[in-house]
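Engineer: Below you will find the structure I want to go over with you.
The values are calculated or read from the model by the stated rules, or taken from the named source; none is laboratory data. In this text, all values refer to a predicted model and were calculated from it rather than measured experimentally. Don't worry about glycine lacking a Cβ; one is built from the backbone with ideal geometry, like all the others, and counts go over all protein chains shown. To get the accessible areas, we keep the full protein, side chains included, count just its heavy atoms, and leave off ligands, DNA and RNA. Shrake-Rupley method; radii C 1.70, N 1.55, O 1.52, S 1.80 Å.
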Amino acid sequence: MFENLSERLSGVFDRLTKQGALSDEDVKTALREVRVALLEADVSLPVARDFVKAVQDKATGQAVTKSVTPGQQVVKIVHDALIDTLKGEGEPGALKIDSPPAPILMVGLQGGGKTTTTAKLAKRLKERDGKRVLMASLDVNRPAAMEQLAILGVQIGVDTLPIVKGETPVQIAKRAKTQAGLGGYDVYMLDTAGRLSIDEELMQQVKAVRDVANPRETLLVVDGLTGQDAVHTAENFDERIGITGVVLTRMDGDGRGGAALSMRAVTGKPIKFVGLGEKMDALETFEPERIAGRILGMGDIVALVEKA
Amino acid sequence: RLMGRSTAQPVVRRALDDEMLEQLEELLISADMGVDTALRVTANMAEGRFGKKLSVAEIKQLLASEVSRIMEPVARPLPIYSKTPQVVLVVGVNGSGKTTTIGKLASQFRAAGKKVVIAAGDTFRAAAVEQLQVWGERAGVPVLTAAQGSDPASLAFDAMGRAQEEGADLLLIDTAGRLQNRGDLMEELAKIVRVIRKKDETAPHNTLLVLDATTGQNALNQVKVFQEISDVSGLVMTKLDGTAKGGVLVALADRFGLPIHAVGVGEQIDDLSPFDPDEFAAALVGTDG
Ligand SMILES: Nc1nc2c(ncn2[C@@H]2O[C@H](COP(=O)(O)OP(=O)(O)OP(=O)(O)O)[C@@H](O)[C@H]2O)c(=O)[nH]1
Ligand SMILES: Nc1nc2c(ncn2[C@@H]2O[C@H](COP(=O)(O)OP(=O)(O)OP(=O)(O)O)[C@@H](O)[C@H]2O)c(=O)[nH]1
Ligand SMILES: [Mg+2]
Ligand SMILES: [Mg+2]
């Protein structure tokens, strides 16, 4: 459905100067197409704008080697810059879970995949890292949200905090903390209700939870199919609650994943994991190279240029 | 800046030139309209007005009416037929708001004096059935269920029988969320439709595709594939109470022309409104204050 960047650029390529250094005009022409490709991949407009500007500065005047066309050269520069932006510092997928019991707070918009990701992460911590994990649902809003987490807990063999109806999220968080300490758990995970980033009351509520639990990690769970709204979500959640990382879900879909770039650019926080399905083992650590090719809609040409 | 909040200052008129058009395009792109559609909408709006001096308010007003003009033909409520039970199948990707929307619809139809039955066709997701049962209670509507992991098509078949026996006016069938590129899950959906047609070849009478307003350009693919597989007859867009504007609906109206029946504006039972093109356009362009 979408033209990929190489198709887009093919027309432009021909018009680019054939040798020497990339001229200002060459780069400008090519980057106009890059901008459109980014926007079609759902990169948020301000992020796409800044990104293109940064690449413009980097590319202008660069020597074009004989083996590639100027267009390919631009693509390579764009691709490398994408990976640079997407890459966070440190080990991808690493979580601060020393000093047990370490709290992990899961936040995000409605339906993004928090509850599913909570259980997937718990399973991973248990099986890969040999951690004892306790999960607690603080979702007093969505019907059967607590039951959902409890069922997943049974499926993956991870304990969930017993459900007590009528408690507030803060009360549940306190109980989870106590229980995690008494029960000798290494990690306790707090799954929260979905909330709009402009919902003052619910944002206050999750702040109160944060202040009680003092989470080692606060993960923003974001739908990988998110469009332009990614900037608002990222900004508001990070400003109000302070996130330590991002999990992108539904990357098993055929979305182009531009939200990844928006999230990174706006928050500066690492994308730690991607969700690749509904099953409990469909969680992988984030790989910037894969997403970069996907955003540009063109894994292959980059590989080609790499070889050249 | 053009898009900033207007304050009580003397009205500045600006020429509707290329620079201005580009800013307007960006406004629309930021609302998820997509590059192509944004270009076309601004070009249409500028036709015959290029170079004219206009105030920001006038320009936004023109843009809003252009959007609203495109959306007018697709703003249609869910049609109610005399044939009973009218079968409404609800489909969409994961987490878009299908189950919640069914709860809201059930409540509205019941309030309108219809006899409604719900089938909990999501036999996959943990506690999907329990979630829908709560909505059934809230709406005062019975919910037919099957065990987790059982075949959703056979539940749909049984539910058709029950709805017929009970003389229901409407049968709302929930389905599990599925991404449109998952061939196996789309085939499962196709099977649900086939099995429903064994009971009544005119059913499902409506297939509602539920879209999440935060979704970007992937919504185009969602509509394309779900329509191929399950003959989508109308759209509902949820989560328009957030910061997302749902501009992709304009691209969808342009390309597919499917009716938009309703919009979700919250998590409560009454938070489902008819789709209003003027309101939608105003929010999209930012003339709603
Ligand atoms: N295909 C796919 N589906 C996913 C993924 N992660 C979650 N889901 C599905 O998305 C839907 C919503 O997931 P939940 O975990 O309930 O989302 P949530 O954020 O907890 O939702 P609320 O609590 O209502 O805000 C479910 O159908 C999940 O199975 C993923 O990576 N890929
Ligand atoms: N703010 C807001 N939230 C909504 C709206 N519609 C649904 N939601 C929320 O979105 C989340 C997902 O809704 P569901 O109805 O479970 O979505 P679903 O499509 O049935 O999800 P799956 O069955 O897991 O695919 C829940 O937290 C709902 O409360 C809406 O219009 N506005
Ligand atoms: Mg949840
Ligand atoms: Mg559902």
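Engineer: Considering only the other residues whose Cβ falls under 14 Å of the Cβ of B:GLY167, what net charge follows from Lys and Arg at +1 and Asp and Glu at -1?
Structural biologist: Residues close to B:GLY167 contribute a combined charge of +1.
Engineer: Roughly how large, in nm² to one decimal, is the mean projection of the convex hull of the alpha-carbon atoms in segment B:116-166?
Structural biologist: With the hull built on Cα positions only, its mean projection is 3.2 nm².
Engineer: Related question: Ignore the peptide's own chain and count Cβ atoms of other chains within 10 Å of each Cβ in A:102-111; give me the average, rounded.
Structural biologist: Per-residue shielding by partner chains comes out at 3.
Engineer: Given R₀ = 35 Å, FRET efficiency for B:ARG13-A:ASP211 by Cβ-Cβ distance, to 0.05?
Structural biologist: The value I calculate is 0.10.
Engineer: For B:LEU144, enumerate residues with amide H under 5 Å from its amide H, sequence gap 5+ or separate chain, H modeled in the peptide plane.
Structural biologist: B:ILE118, B:ALA119, B:ALA120
Engineer: Taking the solvent-accessible surface of protein heavy atoms with a 1.4 Å probe, what is the per residue accessible area of chain B in Å²?
Structural biologist: Per-residue value: 41 Å².
Engineer: Let me ask something else about it. Using Cα centres only, tell me the gap between segment B:157-171 and segment A:66-120 in whole Å.
Structural biologist: 48 Å
Engineer: Could you tell me whether chain A comes out rounded, prolate or oblate from its Cα gyration tensor? Rule is a ≥ b ≥ c as square roots of the eigenvalues, rounded for a/c under 1.5, then prolate if a/b exceeds b/c, otherwise oblate.
Structural biologist: It comes out prolate by the Cα gyration axes.
Engineer: Per-residue mean of other chain beta-carbon atoms within 10 angstrom of the beta-carbon, peptide B:264-276?
Structural biologist: 1
Engineer: For chain A, find the longest principal axis of its Cα atoms and tell me its angle to the long axis of helix A:5-15, 0 to 90°, nearest 10.
Structural biologist: Result, in degrees: 20.
Engineer: Now, a different point. Using only alpha carbons, build the gyration tensor for the protein assembly as shown and give me the equivalent ellipsoid semi-axes, biggest first, whole Å.
Structural biologist: 39, 32, 23
Engineer: Still on this model: Show me the trypsin sites (Lys or Arg not before Pro) within segment A:144-182 that DSSP assigns to loop and that have at most 10 other Cβ atoms within 10 Å of their Cβ.
Structural biologist: Qualifying residues, ordered by number: A:LYS165.
Engineer: For B:GLY234, enumerate residues with amide H under 5 Å from its amide H, sequence gap 5+ or separate chain, H modeled in the peptide plane.
Structural biologist: B:THR207, B:LEU209
Engineer: Sticking with this one: Angle, helix A:45-59 long axis vs. longest principal axis of chain A, Cα atoms, 0 to 90°, nearest 10?
Structural biologist: Long axis of A:45-59 versus the principal axis of chain A: about 50 degrees.
Engineer: Also: If r is the Cβ-Cβ distance from A:GLU167 to B:PHE50 and R0 is 45 Å, what FRET efficiency results, to the nearest 0.05?
Structural biologist: Working from the Cβ atoms, E equals 0.15.
Engineer: With a cut-off of 8 Å between alpha carbons and a minimum separation of six or more residues, what is the relative contact order of segment B:191-289 in percent? Working shown, then result.
Structural biologist: Values: 123 pairs, mean separation 21.9, N = 99.
Computed over segment B:191-289, the figure is 22 percent.
Engineer: Hey, another quick one. By the scheme Lys and Arg +1, Asp and Glu -1, what is the net charge of all other residues having a beta-carbon under 14 Å from that of B:THR84?
Structural biologist: Here the count lands on +1.
Engineer: Counting partner chain Cβ atoms within 10 Å of every residue's Cβ in B:217-223, what's the average?
Structural biologist: 6
Engineer: Here is a further query. Within chain B, what is the longest stretch that has no chymotrypsin sites (Phe, Trp or Tyr not before Pro) placed in a DSSP loop and near at most 16 other beta-carbon atoms within 10 Å?
Structural biologist: For chymotrypsin sites (Phe, Trp or Tyr not before Pro) (loop position, at most 16 other Cβ atoms within 10 Å), the longest site-free span of chain B is B:82-255.
Engineer: Quick one: 3J(HN,Hα) in Hz for segment B:131-141, Karplus 6.51/-1.76/1.60 with θ = phi - 60°, rounded, Gly and Pro as x.
Structural biologist: 4, 5, 4, 4, 5, x, 4, 4, 8, x, 10
Engineer: Ordered by residue, what ³J(HN,Hα) values in Hz, to whole numbers, does segment B:223-235 give under the Karplus form 6.51 cos²θ - 1.76 cosθ + 1.60, where θ = phi - 60° and Gly and Pro are x?
Structural biologist: 5, 4, 6, 4, 5, 4, 7, 10, 6, 4, 10, x, 10
Engineer: Between segment B:5-82 and segment B:263-289, what is the C-alpha centre distance in whole Å?
Structural biologist: 17 Å
Engineer: Between the helical axis of A:169-182 and the dominant principal axis of chain A, each derived from Cα atoms, what acute angle in degrees is found, rounded to the nearest 10?
Structural biologist: Value to nearest ten degrees: 80.
Engineer: Can you give me the accessible area per residue for segment A:99-161, using a 1.4 Å probe, in Å²? Before the final figure, lay out the partial values.
Structural biologist: Working: 2040 Å² over 63 residues.
Result: 32 Å² per residue.
Engineer: Total Å² of accessible surface buried at the A-B contact, 1.4 Å probe, nearest 100?
Structural biologist: 3500 Å²
Engineer: May I ask you to derive the FRET efficiency for A:LYS58 and B:ALA43 from their Cβ-Cβ distance with R0 = 45 Å, giving the value to the nearest 0.05?
Structural biologist: Efficiency, rounded to the nearest 0.05: 0.85.
Engineer: Can I ask one more? If one computes the Cα centroid of segment B:187-233 and of segment A:121-178, what distance in Å separates the two points?
Structural biologist: If you average the Cα positions of each part, the centres end up 34 Å apart.
Engineer: Which order, highest average first, do B:114-121, A:284-291, A:145-152 follow once you tally other Cβ atoms within 10 Å for each residue and take the mean per peptide?
Structural biologist: Going by the mean number of other Cβ atoms within 10 Å, highest first, we get B:114-121, A:145-152, A:284-291.
Engineer: Quick check on chain A: helices-only [θ] at 222 nm, where DSSP H runs of length 4 and up contribute -39,500 (n - 2.57) each and the sum goes over total residues. Nearest 500, please.
Structural biologist: Computed mean residue ellipticity for chain A: -16000 deg cm²/dmol.
Engineer: Further, regarding this structure: Considering protein heavy atoms only and a 1.4 Å probe radius, which residues within segment B:236-258 exhibit an accessible-area decrease of no less than 50 Å² in the full assembly relative to the chain by itself?
Structural biologist: Output list: B:THR243.
Engineer: Give the long-range amide H neighbours of A:VAL246: residues separated by 5 or more places, or on another chain, with amide H under 5 Å away, using H modelled in the peptide plane at 1.01 Å from N.
Structural biologist: Amide H to amide H, under 5 Å and 5 or more residues apart or across chains, A:VAL246 pairs with A:LEU220, A:ILE271, A:LYS272, A:PHE273.
Engineer: Now for a different question. Write out the GluC sites (Glu not before Pro) in segment B:39-119 meeting two conditions: DSSP loop, and at most 10 other Cβ atoms within 10 Å of their Cβ.
Structural biologist: Passing sites in segment B:39-119 are B:GLU47.
Engineer: Which one of B:ALA128, B:ILE80, B:LEU54 is farthest out on the positive end of the charge dipole of segment B:1-131, using unit charges on Cβ (Lys, Arg +1; Asp, Glu -1) and the Cα centre as origin?
Structural biologist: Among B:ALA128, B:ILE80, B:LEU54, the one farthest towards the positive end of the dipole of segment B:1-131 is B:ILE80.
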